[in-house]
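Every number in this text was worked out from the coordinates using simple rules, so none of it is lab data. Quantities reported herein were computed from a predicted structural model and do not represent experimental measurements. Because the Cβ atoms are built from the backbone with ideal geometry, glycine has one as well, and the counts that use them run over all protein chains shown.
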Amino acid sequence: MANNADTHHADPILLELLVCPITGSTLILSKDKKELISKPAKRAFPIRDGIPILVESETRVIPEEELKKI
């Protein structure tokens, strides 16, 4: 790990390679950089200690109003 690495956020290069395990669609990094969002699945996957947790049972369902703002 690089000396200036932020251990709370996932690697941006890694994020470009990941897709939603439910729909296969592109994932969007949340503004607070704590979740990866799949708009088609209406789910938010958590990022814990810099590791995206791409397990459906760990997701948060995104309310329609919140989804419209993304």
Gained length - residue 22 relative to residue 53, 0.36 nm times residue gap less alpha-carbon distance: 9.9 nm
Alpha-carbon Rg/Rh ratio, for segment 12-68, with Rh computed the Kirkwood way: 0.92
Label point at residue 65 placed 7 Å out along Cα→Cβ; residues across segment 10-32 whose backbone nitrogen lies under 20 Å: 31-32
Interchain or long-range residues, amide H under 5 Å from residue 35's placed H: 30, 47
